[in-house]
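Enquirer: Please see the structure below; I have some questions.
The values are calculated or read from the model by the stated rules, or taken from the named source; none is laboratory data. All of these numbers come straight from a predicted model, not from anything done at the bench. Here Cβ is always computed from backbone atoms with ideal geometry, including for glycine, and neighbour counts include all displayed protein chains. Just the protein is used for accessible areas: all its heavy atoms, side chains included, with ligands, DNA and RNA removed. Shrake-Rupley method; radii C 1.70, N 1.55, O 1.52, S 1.80 Å.
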Amino acid sequence: QVQLVESGGGLAQPGGSLRLSCAASGFTFSRTAMIWVRQVPGKELERVASITKGRTTIYTDSTKGRFAISRDNAQNTVYLQMNSLKPEDTATYYCHVLISTTHYWGQGTQVLVSS
């Protein structure tokens, strides 16, 4: 079955960096686009970044230039390098994949940006 396991969240100071990882299994990772989304309690889910099987990347405006998504097909892992963190980046970050017509998310990893 499809499994997505995020890690790497934690506390960072404003201006700091964190690197999130998402280990995937249960599907052909190298042929699948991967997405990072985030959610703040009481707010809608927000797409943060995505990467296609061909490594084309797309970012939401609020993270463009600060975040970088990448993938390691040998390790079935997608990463989100987050730099110049801001308090408004505080959220739970989820790895997301759409396979056929079914959406899958991991359990999420919490990111808190605070001084």
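Enquirer: So in the range 98-115, with the set limited to residues that are outside any strand (DSSP E or B) and either open to solvent by less than 60 Å² (accessible area, probe 1.4 Å) or in contact with a strand residue (DSSP E or B) (Cβ under 6 Å, 6 or more places away or on another chain) (or both), which one is farthest from Glu6 (Cα to Cα)? Please lay out each step first, then the result.
Expert: First, the residues of the range 98-115 that are outside any strand (DSSP E or B): 100-101, 106-108, 114-115.
Keeping just the survivors that are either open to solvent by less than 60 Å² (accessible area, probe 1.4 Å) or in contact with a strand residue (DSSP E or B) (Cβ under 6 Å, 6 or more places away or on another chain) (or both) gives 106, 108, 114.
Working: Gly106: 6, Gly108: 6, Ser114: 21 Å.
By that ranking, first place goes to Ser114.
Enquirer: What's the number of the condition Ser25 fails, among (1) under 15 Å from the mean Cα position of the chain (by Cα); (2) farther than 17 Å from Asp89 by Cβ?
Expert: Failed condition: (1).
Enquirer: Can you pull out the residues in the range 11-38 that are over 16 Å from Phe67 (Cα atoms) and either in contact with a Pro (Cβ under 9 Å, 6 or more places away or on another chain) or not β-branched (Val, Ile, Thr) (or both)?
Expert: In the first step, residues of the range 11-38 are kept if they are over 16 Å from Phe67 (Cα atoms); the result is 11, 23-33.
Across the range 11-38, the qualifying residues are Leu11, Ala23, Ala24, Ser25, Gly26, Phe27, Phe29, Ser30, Arg31, Ala33.
Enquirer: Additional query: Could we say that Leu11 is surrounded by 14 or more Cβ atoms within 10 Å (Cβ to Cβ) and of a type outside the set (Phe, Trp, Tyr) here? I'd like the intermediate steps shown before the answer.
Expert: Details: surrounded by 14 or more Cβ atoms within 10 Å (Cβ to Cβ): no; of a type outside the set (Phe, Trp, Tyr): yes.
Judged against the criteria, Leu11 is not a match.
Enquirer: For Thr28, indicate whether it is β-branched (Val, Ile, Thr), on the phi < 0 side of the Ramachandran plot and loosely packed, with under 14 Cβ neighbours inside 10 Å.
Expert: Numbers: β-branched (Val, Ile, Thr): yes; on the phi < 0 side of the Ramachandran plot: yes; loosely packed, with under 14 Cβ neighbours inside 10 Å: yes.
Against the criterion (β-branched (Val, Ile, Thr), on the phi < 0 side of the Ramachandran plot and loosely packed, with under 14 Cβ neighbours inside 10 Å), Thr28 qualifies.
Enquirer: A further question follows. Can you find, within the range 69-90, the residue that is surrounded by the most Cβ atoms within 10 Å (Cβ to Cβ) among those that are among the hydrophobic types (A, V, I, L, M, F, W, C) and within 21 Å of Ala12 (Cβ to Cβ)?
Expert: Looking only at the range 69-90, we keep the residues that are among the hydrophobic types (A, V, I, L, M, F, W, C), and these are 69, 74, 78, 80, 82, 85.
This time we only want the ones that are within 21 Å of Ala12 (Cβ to Cβ), so: 69, 78, 80, 82, 85.
Numbers: Ile69: 22, Val78: 29, Leu80: 26, Met82: 27, Leu85: 21.
Top of the filtered list is Val78.
Enquirer: Looking only at strands (runs of 3 or more DSSP E) that lie completely in the range 4-97, which have at least 1 residues being of a type in the set (Val, Ile, Thr)? Before the answer, list the steps.
Expert: On the way: elements: 10-12, 18-25, 34-39, 46-51, 57-59, 67-72, 77-82.
Because the criterion is at least 1 residues that are of a type in the set (Val, Ile, Thr), the strands (runs of 3 or more DSSP E) in the range 4-97 that meet it are 34-39, 46-51, 57-59, 67-72, 77-82.
Enquirer: Look through Arg55, Arg66, Arg38, Arg31 and report the one residue that is among the basic types (Lys, Arg), over 20 Å from Ala12 (Cβ atoms) and under 15 Å from the mean Cα position of the chain (by Cα). Write out each step before concluding.
Expert: Details: Arg66 fails: over 20 Å from Ala12 (Cβ atoms); Arg38 fails: over 20 Å from Ala12 (Cβ atoms); Arg31 fails: under 15 Å from the mean Cα position of the chain (by Cα).
Exactly one of Arg55, Arg66, Arg38, Arg31 is among the basic types (Lys, Arg), over 20 Å from Ala12 (Cβ atoms) and under 15 Å from the mean Cα position of the chain (by Cα), namely Arg55.
Enquirer: Ok, one more. Only one residue in Tyr93, Tyr59 is within 16 Å of Leu4 (Cβ to Cβ) and either surrounded by fewer than 17 Cβ atoms within 10 Å (Cβ to Cβ) or hydroxyl-bearing (Ser, Thr, Tyr) (or both). Which one? Quick ask: steps written out before the conclusion?
Expert: Details: Tyr59 fails: within 16 Å of Leu4 (Cβ to Cβ).
Going through Tyr93, Tyr59 in turn, the sole match is Tyr93.
Enquirer: Do any residues in the range 37-59 that are touching a residue at least 40 places away in the same chain (Cβ under 8 Å) have Cβ atoms under 6 Å from those of residues that are of a type in the set (A, V, I, L, M) and exposed (fewer than 13 other Cβ atoms within 10 Å of the Cβ), where the two are at least six apart or on different chains, and which pairs are they?
Expert: none
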